[in-house]
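The values are calculated or read from the model by the stated rules, or taken from the named source; none is laboratory data. Here the structure is a predicted model, which is why all the values come from computation and not from measurement. All Cβ positions, even for glycine, are placed from backbone atoms using ideal geometry, and neighbour counts span all protein chains on display. To get the accessible areas, we keep the full protein, side chains included, count just its heavy atoms, and leave off ligands, DNA and RNA. Shrake-Rupley method; radii C 1.70, N 1.55, O 1.52, S 1.80 Å.
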Amino acid sequence: MLEIKPLQIGELVAKVPVIQGGMGVGISLSNLAGNVAAEGGIGIISTAQIGFRSKEFNKNPMAENLKAIAEEIKKAREIAKGGIIGVNIMVATKDYEEYVKAAVKAGVDLIISGAGLPTILPKLIESSKTKIAPIVSSLKAADIICKLWDRRYKKSPDLVVIEGAKAGGHLGFSLEEIESFNQDEYDMEIEKIIKLVDEYGKKYEKQIPVVVAGGVYTREDLEHYINLGASGVQIASRFVGTYECDADIKYKEAYIKAAKEDVVIVKSPVGMPGRAIHNAFLERLKQGPIKVEGCKNCLSHCDPATIPYCITQALINAAKGDIDNGLIFCGDNVYRVDKMVHVKDIMDEFK
């Protein structure tokens, strides 16, 4: 069995090289993130509409989201026993800069940012200890962001997350790329990205770890990517089937009951493909658009007048347990989640 080394991001050291992926809306908040961190991994809170539980959310979603970022980070810290807490902030988020600033102000350890290239992220964390990590899905994207940060800010990533086409939620691939995805070919892409990142590490005289996400489920998967040169993995869907996950029990049961054939590729209202569990909500969408009741100002490139449904409302419904009226994002391996376990049970496999 391969010796598993800690994941080191500058002065941050995770005993177990597993990052729990950020899942929104409301799937990975303080309880899940805090418990993963307490077990030696890196717990990630999704900031996507993070304030949705507040009574004032519909009146002022932005204010409630910014308030909730600080509250959830604080609560996660209380659970984490000194472990590493990060946030996932989508570049596509409306008022992205304000979300980053709120997380930095709250003293978060790490910001992982995808759903677009986080071109201005280094500027937003200046004079803080917060580490930053872009999510990339191709060598081209990795090259663009590393070059841009180097040229504009004299900065390199502290960590790079490579997300493959088997991931859950919004995907950085076209529908054609998802359908023709070949893991062996993508492994070669991963090796190229790691080589590129290593070059920037040498330039900045530091180790820049690379973690791989998308379809990661077992210790065997971790060992596979370590053998390719990665320093760890990011796992999301598997953590939904835990007692500590922040989602409603009905959401978790949807994962446990899901069969392989239930996993479908959907088109998000903002045009990106995503992976989800087929349900009554998706069936209803085939009949036509679902009326948008009040805009929550979640995504930059979203026009309430033209979208087929409100993704915020669909994700909130699902997180609260209204499964038939919700969008249930998932990873390709969701069908392997067959029972409820504790976070510790999962993390122990990777120690």
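Treat each spin label as a single point 7 Å out from the Cα along the C-beta direction, and report the Lys147 to Glu293 distance in nm.
4.8
Can you pick out the pairs among Lys155/Lys344; Lys5/Lys155; Lys129/Lys267; Lys5/Lys81; Lys67/Lys154; Lys105/Lys351 whose Cα atoms lie more than 28 Å from each other?
Over 28 Å apart, Cα to Cα: Lys155/Lys344; Lys129/Lys267; Lys67/Lys154; Lys105/Lys351.
Once the other residues with Cβ under 10 Å from the Cβ of Val212 are scored (Lys, Arg +1; Asp, Glu -1), what is the net sum?
Charge balance near Val212 sits at -3.
List the residues whose amide H sits under 5 Å from the amide H of Ile84, counting only those 5 or more places along or on another chain, with H placed 1.01 Å from N in the peptide plane.
Excluding prolines and chain starts, which carry no amide H, the hits are Gly43.
Working from the alpha-carbon coordinates of the range 1-43, get Rg over Rh, Rh being the Kirkwood radius.
Ratio of gyration radius to Kirkwood radius: 1.05.
Tally Lys/Arg at +1 and Asp/Glu at -1 over every other residue whose Cβ is under 9 Å from the Cβ of Leu228; what's the total?
So the surrounding residues net to -2.
Hey, any idea what % of the chain's accessible area is carbon plus sulfur with a 1.4 Å probe?
49
Compute, for the chain, the length of the dipole vector about the Cα centre, with Cβ point charges of +1 (Lys, Arg) and -1 (Asp, Glu) only. Units Debye, rounded to 20.
1060
Just how far, in whole angstrom, is the range 20-39 from the range 199-233 if you go by their alpha carbon centroids?
Using only Cα atoms to place each centre, the spacing works out to 21 Å.
In whole Hz and in residue order, list the ³J(HN,Hα) couplings for the range 266-275 that follow from phi through the Karplus curve 6.51 cos²θ - 1.76 cosθ + 1.60, θ = phi - 60°; x for Gly and Pro.
10, 9, 5, x, 9, x, 7, x, x, 10
In debye to the nearest 20, how big a dipole does the range 129-266 give about its Cα centre with +1 on each Lys and Arg Cβ and -1 on each Asp and Glu Cβ?
Dipole magnitude for the range 129-266 comes out near 880 debye.
Check which residues have an amide H placed less than 5 Å from Val341's amide H, if you skip close sequence neighbours.
The answer is Thr242, Tyr243.
At 1.4 Å probe radius, can you tell me the per residue accessible area of the range 230-348 in Å²?
Using a 1.4 Å probe on heavy atoms only, each residue of the range 230-348 averages 45 Å².
Rounded to the nearest 5, what % of DSSP beta bridges with both residues in the chain are antiparallel?
30
Once you list every other residue whose beta carbon is under 10 Å from the beta carbon of His278, what net charge do they have if Lys and Arg are +1 and Asp and Glu are -1?
Net charge in that neighbourhood comes out at -3.
Could you please put Glu177, Glu163, Glu97 in sequence from largest to smallest accessible area, using a 1.4 Å probe?
Highest to lowest solvent-accessible surface, that is Glu177, Glu97, Glu163.
Mean separation of Cα pairs under 8 Å and 6+ residues apart, divided by the residue count of the range 250-351: what relative contact order is that in percent?
About 38 percent, as a whole number.
Rounded, prolate or oblate: pick one for the chain, where a ≥ b ≥ c are the square roots of the eigenvalues of its C-alpha gyration tensor, a/c under 1.5 means rounded, and failing that, prolate if a/b is larger than b/c, else oblate.
Judged from the Cα gyration tensor, the chain comes out rounded (a/c under 1.5).
Can you work out the PRE-style zone for Leu228? Point 7 Å along Cα to Cβ, and I want the residues of the range 189-214 with backbone N under 19 Å.
Counting backbone N atoms under 19 Å from the label point, the list is 189-200, 208-214.
For the chain, modelled as a GNM with alpha-carbon contacts under 10 angstrom, which of Ile79, Ile27, Ile111 fluctuates the most?
Most flexible of the set in this elastic network: Ile79.
Which ³J(HN,Hα) values, rounded to whole Hz and listed in residue order, are derived for the range 281-287 from phi using the Karplus coefficients 6.51, -1.76 and 1.60 in 6.51 cos²θ - 1.76 cosθ + 1.60 with θ = phi - 60°, glycine and proline given as x?
Karplus values, whole Hz, x for Gly and Pro: 4, 5, 5, 5, 4, 5, 7.
How high is the relative contact order of the range 1-75, in percent, with contacts defined as C-alpha pairs under 8 Å that are six or more residues apart?
24
Using a simple charge model, +1 on the beta-carbon of Lys and Arg, -1 on the beta-carbon of Asp and Glu, nothing else, what dipole does the range 1-130 show about its Cα centre, in debye to the nearest 20?
Result for the range 1-130 is approximately 200 debye, rounded to the nearest 20.
Check which residues have an amide H placed less than 5 Å from Ile19's amide H, if you skip close sequence neighbours.
Close amide H contacts, sequence-distant or interchain: Ile42, Val233, Gln234, Ile235.
Using the Karplus curve 6.51 cos²θ - 1.76 cosθ + 1.60 with θ = phi - 60°, work out ³J(HN,Hα) for each residue of the range 117-125 in order, rounded to whole Hz, and write x for Gly and Pro.
8, x, 5, 9, 4, x, 5, 7, 10
Would you kindly state how much longer the chain becomes between Gln207 and Lys195 on full extension, computed as 0.36 nm times their sequence separation minus their alpha carbon distance, in nm to one decimal?
Contour length minus the Cα-Cα distance gives 3.1 nm.
May I ask you to list the aspartates and glutamates whose Cα is less than 20 Å away from that of Lys101, ignoring any residue fewer than eight positions away on the same chain?
Glu64, Glu71, Glu72, Asp109, Glu126, Asp158
Taking only Cα atoms and a 10 Å spring cutoff, compute GNM fluctuations for the chain and point out the largest among Glu126, Glu191, Glu72.
Taking springs between Cα atoms under 10 Å, the residue moving most is Glu126.
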